[in-house]
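S.K.: Mind looking over this structure? Questions follow.
Derivation of every value follows stated rules applied to the coordinates shown; laboratory data play no part. Because the structure is predicted, anything quoted here is derived from the model rather than measured. Note that each Cβ is placed from the backbone with ideal geometry, even for glycine, and that neighbours are counted across all protein chains shown.
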Amino acid sequence: MARRRGRVVRFHSNQVTVVDLEDGNRITLKLRGRFKMQGIRPLVGDIIEYTPDGFGSGLVENILHRRNQLTKPSVANVDQVMVVATIKEPETPLGILDRILVLAEKAGIEIVVVFNKVDILETEEEKKKLQEIKSIYARIYPTICTSAKKGTGLKEFKEFLKNKVSVMAGLSGVGKSSLLNAVNPGLKLRTGEVSRTGRGRHTTTYSELLEFDFGGFVADTPGFSSLEIKDISKEELKSYFPEFAEYQKCLFSDCLHLSEPGCAVRYAAEQGLIAPSRYRSYRDILKEIMEGGKERW
Ligand code: GDP
Ligand code: ZN
């Protein structure tokens with residue numbers, strides 16, 4: 001039979017479940033032995049070629065080139081990460097938000113920033129805070145305000161998800177699962193179970209892609225939850241703050257934007273052209289990289 005193409009939505013004990021790219025049907029396949037021999041395993045999100053056996057199953061023949069790949073959870077070919085943040089309950093510290101954004105930039109994935117729980121902002125001060133923070137990020141990324149509870153912004157949120165492969169990110173409790181359930185009731189989401197042994201949360205290595213009934217997929221476990229800055233050199237960090245690029249006319253071409261003379265980025269932050277909180281996050285992460293003894297590059 002002719003080869004077909006599918007997207008892997010589940011891989012468990014040698015059984016590969018794919019959604020056919022053309023007809024959208026779900027089919028469970030087996031891996032050819034050579035994959036095991038070569039130590040190659042498909043990842044959720046992979047596009048594979050397969051031959052149907054005519055009896056509702058088939059064989060994986062080939063795994064196509066991965067555009068990108070996330071770890072913990074392992075997902076390939078991710079189109080975008082929806083980074084969810086909140087002004088309160090819980091308050092997402094901007095340093096944490098910026099960390100997630102750096103990790104997503106490093107992975108080379110498109111970013112959408114979602115400010116959820118806008119329904120609980122009562123005072124003028126809280127609403128002003130949202131607008132101020134939103135304006136920092138709206139200059140860099142597509143940004144939306146939502147309420148999973150009241151329905152605000154959900155149409156827009158859904159438009160972003162439609163026909164794409166997304167990963168959710170953000171602190172626990174910001175409403176990641178609520179948002180997904182609100183746009184697609186009945187989505188079989190895995191929620192962060194706290195283990196009874198007191199050893200913290202289980203980190204799932206087997207992630208699945210869930211299919212939206214309006215088209216598109218989302219990983220059933222959030223990404224970037226470890227927040228660990230790994231394998232980022234001090235020289236490359238600045239490139240993960242896209243808004244710095246415009247101001248990078250420093251005296252030294254290898255300027256790290258710390259206390260070097262003639263640093264245009266530091267000057268831009270002092271003038272408020274670059275958000276001071278973003279510049280602070282940059283310095284904090286840079287300091288961590290430099291102090292972590294990670295000068296291996
Ligand atoms: P997750 O850990 O990011 O997946 O967060 P959940 O979706 O489990 O939500 C955590 C809590 O916040 C739950 O009690 C939700 O009902 C609540 N929640 C989620 N979104 C909203 C929202 O937009 N407004 C309000 N008021 N509560 C929300
Ligand atoms: Zn500089």
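S.K.: Apply the Karplus parameterisation 6.51 cos²θ - 1.76 cosθ + 1.60, with θ equal to phi minus 60°, to every residue of the range 51-56 and state each ³J(HN,Hα) to the nearest whole Hz, in sequence, with x for glycine and proline.
M.R.: Residue by residue, the range 51-56 yields 10, x, 8, x, 10, x Hz.
S.K.: Turning to a different aspect of this structure: First check a/c for the range 63-178, with a ≥ b ≥ c the square roots of the eigenvalues of its C-alpha gyration tensor; if it is under 1.5, answer rounded, and if not, answer prolate when a/b is larger than b/c or oblate otherwise. Show your work: numbers first, answer last.
M.R.: On the way: a/c = 2.12, a/b = 1.75, b/c = 1.21.
Prolate is the answer for the range 63-178, as a/c is 1.5 or above and a/b outweighs b/c.
S.K.: Ok, one more. Let me spell out the model: positive unit charges on the Cβ of Lys and Arg, negative unit charges on the Cβ of Asp and Glu, origin at the Cα centre of the range 50-131. What dipole size does that give, in debye rounded to 20? Provide the component values of the computation, followed by the final result.
M.R.: On the way: 10 positive and 13 negative charges, 58 e Å.
Rounded to the nearest 20 debye, it is 280 debye.
S.K.: Could you tell me which of the pairs K117/K188; K176/K249; K188/K238; K134/K238; K36/K162 are separated by over 29 angstrom between their Cα atoms in the structure shown?
M.R.: Those over the limit are K176/K249; K188/K238; K36/K162.
S.K.: Ranked from highest to lowest mean number of other Cβ atoms within 10 Å per residue, what is the order of the peptides 116-124, 168-176, 142-150, 31-39? Show your work: numbers first, answer last.
M.R.: Details: 116-124: 16.2, 168-176: 21.7, 142-150: 19.1, 31-39: 11.6.
Result, highest mean first: 168-176, 142-150, 116-124, 31-39.
S.K.: Taking the Cα centre of the range 86-142 as the origin and placing charges on Cβ (Lys, Arg +1; Asp, Glu -1), which of G108, P93, I133 is farthest toward the positive end of the dipole?
M.R.: G108
S.K.: Multiply the residue gap between R34 and E91 by 0.36 nm, knock off their C-alpha separation, and tell me the result in nm, one decimal place.
M.R.: Result for the pair: 15.6 nm of gain on full extension.
S.K.: What is the range 1-120's relative contact order, in percent, from Cα pairs under 8 angstrom and six or more apart in sequence?
M.R.: 19 percent
S.K.: Of the beta bridges DSSP finds with both residues in the range 20-77, what % are antiparallel, to the nearest 5?
M.R.: Here the antiparallel bridges make up roughly 70 percent for the range 20-77.
S.K.: Right, something else. Can you list the chymotrypsin sites (Phe, Trp or Tyr not before Pro) in the range 48-123 that are in a DSSP coil and have 14 or fewer other beta carbons within 10 angstrom?
M.R.: Here the sparse-neighbourhood loop sites are F55.
S.K.: Sticking with this one: Given R₀ = 35 Å, what would the calculated FRET efficiency be for A245 paired with K155, taking r from the Cβ atoms and rounding to 0.05? Each step should come with its number before you reach the end.
M.R.: Values: r = 32 Å, r/R0 = 0.92.
The formula returns an efficiency of 0.65 here.
S.K.: Indicate the gyration tensor shape class of the range 145-190 (rounded, prolate or oblate), computed on the Cα atoms with a ≥ b ≥ c the square roots of the eigenvalues: a/c under 1.5 is rounded; otherwise a/b larger than b/c is prolate and the rest oblate.
M.R.: The shape class here is rounded.
S.K.: A further question follows. Quick query: amide H of C145 versus all other amide H atoms, modeled in the peptide plane; which residues come in under 5 Å with a sequence gap of 5 or more or a different chain?
M.R.: F115
S.K.: For the range 210-285, what is the charge dipole size about the Cα centre, in debye to the nearest 20, if Lys and Arg each add +1 at the Cβ and Asp and Glu each add -1 at the Cβ?
M.R.: It comes to approximately 480 debye.
S.K.: Now, a different point. So what is the relative contact order for the chain, in percent, with contacts set as C-alpha pairs under 8 Å and at least six apart?
M.R.: Averaging sequence separation for qualifying contacts and normalising by length gives 15 percent for the chain.
S.K.: When the dipole is taken about the Cα centre of the chain, and only Lys, Arg (+1) and Asp, Glu (-1) are charged at their Cβ, what size is it in debye, to the nearest 20?
M.R.: Roughly 800 debye for the chain.
S.K.: Non-local amide H neighbours of S207 (under 5 Å, H modeled in plane, Pro and chain starts lacking H): which ones?
M.R.: Excluding prolines and chain starts, which carry no amide H, the hits are S74.
S.K.: When you count, for each residue, the other Cβ atoms within 10 Å and take the mean per peptide, how do 156-163, 79-86 rank with the highest first?
M.R.: Final packing ranking: 79-86, 156-163.
S.K.: Show me, for the range 116-128, the HN-Hα J-couplings you get by feeding each phi into the Karplus relation (A = 6.51, B = -1.76, C = 1.60, θ = phi - 60°), rounded to Hz, glycine and proline as x.
M.R.: 9, 6, 5, 5, 8, 7, 9, 6, 4, 4, 5, 5, 5
S.K.: Which listed residue (S172, V75, A264) has the Cα farthest towards the positive end of the charge dipole for the chain, taking +1 on Lys and Arg C-beta and -1 on Asp and Glu C-beta about the Cα centre?
M.R.: Checking the options against the dipole of the chain, the answer is V75.
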